[in-house]
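Trainee: Have a look at the structure that comes next, please.
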Amino acid sequence: MIEVKDLTRYYGEKRAIHNVTFDVQKGEILGLLGPNAAGKTTTMRILTCAMPPTSGEAKVAGFDIWTEPMEIKKRIGYLPENPPLYSDLRVTEYLDFVGKIKGIPSNKRKSAISDVIEKAGLNEVTHQVVGSLSKGFKQRVGLAQALLNDPEVLILDEPTVGLDPRQIIEIRELIKNLGGDHTVILSTHILPEVEMTCGRVVIINEGEVVAEDTPENLTRRLKGSERTVLEVGGDKNAALAVINGFGDVLNVEVNNSKSPGRYQIRVETRSDIRSDLAKSLIQKGLALYELRAETYSLEDIFLHLTTKEEVA
Amino acid sequence: MSKTLAIFQKEMKHFFYSPIAYIVIAAFTIIAGIFFYLYLSSFVEAAFMDMIRSQQYRMPPQKFNVNLQLIRPYFWNTALISLFVLPLVTMRLYSEEKKSKTVELLYTSPLTVSQIVLGKFFAGVVFYIVMLVPTMFFMGLLFAYGNPELGPVLSGYLGLILLGSAFISGGLFISSLTENQIIAAIGGFGLALVLWIIGWAANYSGPGLASVLNYLSIINHFEDFAQGVIDTKHVFYYLLFSTFGIYLTMKSVESTRWRAS
């Protein structure tokens, strides 16, 4: 449904994306994951034909972005990072305008509008002025706008940003239900979001694709090691001896703690050694102030992926 | 066509949903009204003085021509006021969408650049025509209490609309260059000033340059319309000006899409 090949885009001297390549099958939900300024929005704007790439090729819904942008625009729905709303129009007026410029014939426009109002849960605000809506409702109006022409391909740029937890769950549920009929690309920097909604993930960093896999495989690759953070009081060397006594320690990092006489130790191991570690430390008469498993943040994933690739 | 109309309707809504439209219309009507009042009172005074004089010296009263002495200078002033009020109309036409990022919606919808630009241009022109409607009341007064010729009034309005369209195309172009409405307005005032001064400068330059400057001056082409003459030469000038402004706007929109930030 979407084929992206060697897309490169420069803003003046600055490189935004470089040789981005991936495919999306029909009915699939693909997550574009990356930190801010990684090139997610640039990639999406190129696919929506809002701007052309510096070089490279892409096909959306079977049409080329260079030669048939009009055909692509007829078949996509796009929700940019800031929903493109006219704050002085009412919700129905806004959707009516979007319907007109997307070329939905007047006899079908009304039912299309009531459909998306239903889908996006906008019933209670249809007669309100868009500018007076809360952030969550604005986001939903933006989503309704993207769904209006029943697009084959949906491109959503950070669709859950700025929503409260309940709304996030609703929107994710909505997106999940859209898969199958629609092909969806969504960008995010929230890892659980990808795990929950996407069938496949493309990770972008500094404009390049670092990894492409299913969320399960990616987390499995990351779960290859466990990280434990300890705060220990007493003899530093005794503590390190205990830690190194465990067979599968990959990496140990020691820092002075804020409190005098204590040390913060970060241990990377293959398996979870927390309970044994606590037992042995206490048996040696060391004071244990803190012991917790460190969760992976997005930065860790990038570090992990990039260093791993270099080693391999 | 229907998509151009959709853009046009949306722009008209923006105009009339915001207070700026009403302020602009009110300001324009008041300034035009003050000029009308001044011309009218001096005209009436002159006619009255002449009547007294003719009675004193037992001479037949002079003929006073409303068209020549009132309507013509009044139209000329209205044209000038229009030049300096229209930047307030054109400033938000494009800048607003750039600022609020709604251009993204337009660029990712199946719309051509010309549909977007023409929709906005015609919205500006129609808004200007709405602005002129209250001034027709002044003309109505003249017709109610006197008997001016209708022709020059109609040609005057035609001239105003053509001049307005030409200026709106230029203002739209400036608005498409920036996402800041204030800058767009200041640019529009600058354009108005340049177009006005050019004709002025013509008076002080050599014969060769003068004819070029006179031709370029947006306001000089209006003079014939105010006198009741519709010369195709001037109609052509305004249409050419509008086309050129629209063309520049389209190019500017296309080029920002290529550069895109």
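Trainee: Which residues, taken from the range A:238-251, are open to solvent by 50 Å² or more (accessible area, probe 1.4 Å) and either touching a helix residue (DSSP H, G or I) at 6+ places or on another chain (Cβ under 9 Å) or part of a loop (DSSP other than H, G, I, E, B) (or both)?
Mentor: Once the filter is applied, which keeps residues that are open to solvent by 50 Å² or more (accessible area, probe 1.4 Å) and either touching a helix residue (DSSP H, G or I) at 6+ places or on another chain (Cβ under 9 Å) or part of a loop (DSSP other than H, G, I, E, B) (or both), the range A:238-251 yields A:Gly245, A:Gly247.
Trainee: A further question on this structure: So which residues in the range A:35-61 are at positive phi and touching a residue at least 24 places away in the same chain (Cβ under 8 Å), if there are any at all?
Mentor: Within the range A:35-61, A:Gly39, A:Cys49, A:Gly56, A:Ala61 meet the criteria.
Trainee: Which pairs turn up if I take residues in the range A:210-228 that are over 21 Å from A:Asp23 (Cα atoms) and look for partners that are modelled with pLDDT under 70 with beta carbon separation below 7 Å, at least 6 apart in sequence or on another chain?
Mentor: Matching pairs, first to second residue: A:Leu222/A:Tyr296; A:Leu222/A:Ile301; A:Leu222/A:His304.
Trainee: Return the only residue of B:Ala184, B:Ala192 being touching a residue at least 40 places away in the same chain (Cβ under 8 Å) and touching a Lys or Arg at 6+ places or on another chain (Cβ under 9 Å).
Mentor: B:Ala184
Trainee: Inside the range A:18-52, can you point out the residues that are closer than 21 Å to A:Thr67 by Cα and hydrophobic (A, V, I, L, M, F, W, C)?
Mentor: Answer for the range A:18-52, where residues must be closer than 21 Å to A:Thr67 by Cα and hydrophobic (A, V, I, L, M, F, W, C): A:Val20, A:Phe22, A:Val24, A:Met44, A:Ile46, A:Leu47, A:Cys49, A:Ala50, A:Met51.
Trainee: Which count do you get for residues in the range B:45-67 that are without any contact (Cβ under 8 Å) to a residue 40 or more places away in the chain and either part of a helix (DSSP H, G or I) or among the hydrophobic types (A, V, I, L, M, F, W, C) (or both)?
Mentor: Total satisfying the criteria: 14.
Trainee: What's the total number of residues in the range A:152-181 that are touching a residue at least 24 places away in the same chain (Cβ under 8 Å), under 21 Å from A:Ile2 (Cα atoms), surrounded by fewer than 22 Cβ atoms within 10 Å (Cβ to Cβ) and not aliphatic (A, V, I, L, M)?
Mentor: Result for the range A:152-181: 5.
Trainee: Select from the range A:68-99 the residues that are free of Cβ contacts under 8 Å to residues at least 60 places away in the same chain, basic (Lys, Arg) and open to solvent by 50 Å² or more (accessible area, probe 1.4 Å) and list them in ascending order.
Mentor: Of everything in the range A:68-99, just one residue is free of Cβ contacts under 8 Å to residues at least 60 places away in the same chain, basic (Lys, Arg) and open to solvent by 50 Å² or more (accessible area, probe 1.4 Å), namely A:Arg90.
Trainee: Kindly indicate whether B:Ala26 is away from chain A (no Cβ under 14 Å) and modelled with pLDDT of 90 or more.
Mentor: So B:Ala26 passes the test.
Trainee: Tally up the residues in the range B:152-192 that are part of a helix (DSSP H, G or I), open to solvent by 40 Å² or more (accessible area, probe 1.4 Å) and of a type outside the set (A, V, I, L, M), please.
Mentor: 3
Trainee: Still on this structure: Could you list all residues from the range B:211-246 that are open to solvent by less than 60 Å² (accessible area, probe 1.4 Å), touching a Ser or Thr at 6+ places or on another chain (Cβ under 8 Å) and not in a helix (DSSP H, G or I)?
Mentor: Selection gives B:Gly228 alone.
Trainee: Next up: Checking B:Tyr204 against (1) in contact (Cβ under 8 Å) with a residue 12 or more places away in the chain; (2) away from chain A (no Cβ under 14 Å); (3) not in a helix (DSSP H, G or I): exactly one of these is not met. Which one?
Mentor: (1)
Trainee: Between a residue in the range A:1-30 that is touching a residue at least 60 places away in the same chain (Cβ under 8 Å) and any residue that is among the basic types (Lys, Arg) and open to solvent by 70 Å² or more (accessible area, probe 1.4 Å), which pairs come within a Cβ distance under 6 Å, given they are 6 or more apart or on different chains?
Mentor: Sorted first by the residue in the range A:1-30, then by its partner, the pairs are A:Met1/A:Lys26; A:Thr21/A:Lys5.
Trainee: Name the residues in the range A:116-130 that are within 14 Å of chain B (Cβ to nearest Cβ) and not aliphatic (A, V, I, L, M), would you?
Mentor: A:Gln128
Trainee: Of the numbered conditions (1) of a type in the set (S, T, N, Q); (2) closer than 29 Å to A:Pro192 by Cα; (3) modelled with pLDDT of 80 or more, A:Thr219 fails exactly one; give the number of that condition.
Mentor: (3)
Trainee: Taking the stated definitions as given, is B:Asn77 touching a Pro at 6+ places or on another chain (Cβ under 6 Å), under 27 Å from B:Phe225 (Cβ atoms) and either open to solvent by less than 60 Å² (accessible area, probe 1.4 Å) or within 14 Å of chain A (Cβ to nearest Cβ) (or both)?
Mentor: No: the conditions fail for B:Asn77.
Trainee: Under the condition of being among the aromatic types (Phe, Trp, Tyr) and open to solvent by 30 Å² or more (accessible area, probe 1.4 Å), which residue from the range B:49-74 is nearest to B:Gly140 (Cα to Cα)?
Mentor: This residue is B:Phe64.
Trainee: While we're on this one: Restricting to the range B:18-44, name every residue that is of a type outside the set (Val, Ile, Thr), in a helix (DSSP H, G or I) and surrounded by fewer than 16 Cβ atoms within 10 Å (Cβ to Cβ).
Mentor: Hits for the range B:18-44 are B:Pro19, B:Tyr22, B:Ala26, B:Ala27, B:Gly33, B:Tyr37, B:Leu38, B:Ser41, B:Ser42.
Trainee: Could you go through the range B:82-95 and let me know if any residue there is under 30 Å from B:Leu111 (Cα atoms), open to solvent by 50 Å² or more (accessible area, probe 1.4 Å), within 14 Å of chain A (Cβ to nearest Cβ) and basic (Lys, Arg).
Mentor: no
Trainee: Would a scan of the range A:145-155 turn up a residue that is at pLDDT 85 or above, among the polar types (S, T, N, Q) and assigned to a strand (DSSP E or B)?
Mentor: Scanning the range A:145-155, I find no residue that is at pLDDT 85 or above, among the polar types (S, T, N, Q) and assigned to a strand (DSSP E or B), so the answer is no.
Trainee: Of the conditions (1) assigned to a helix (DSSP H, G or I); (2) within 14 Å of chain A (Cβ to nearest Cβ), B:Ile71 clears all except one; give me its number.
Mentor: (2)
The values are calculated or read from the model by the stated rules, or taken from the named source; none is laboratory data. As the structure is a prediction and not an experimental result, all values here were calculated from the model. Counting neighbours? That spans all protein chains shown, and the Cβs are built from the backbone with ideal geometry, glycine included. When the accessible area is computed, the model is the full protein with side chains, heavy atoms only, and any ligands, DNA or RNA have been set aside. Shrake-Rupley method; radii C 1.70, N 1.55, O 1.52, S 1.80 Å.
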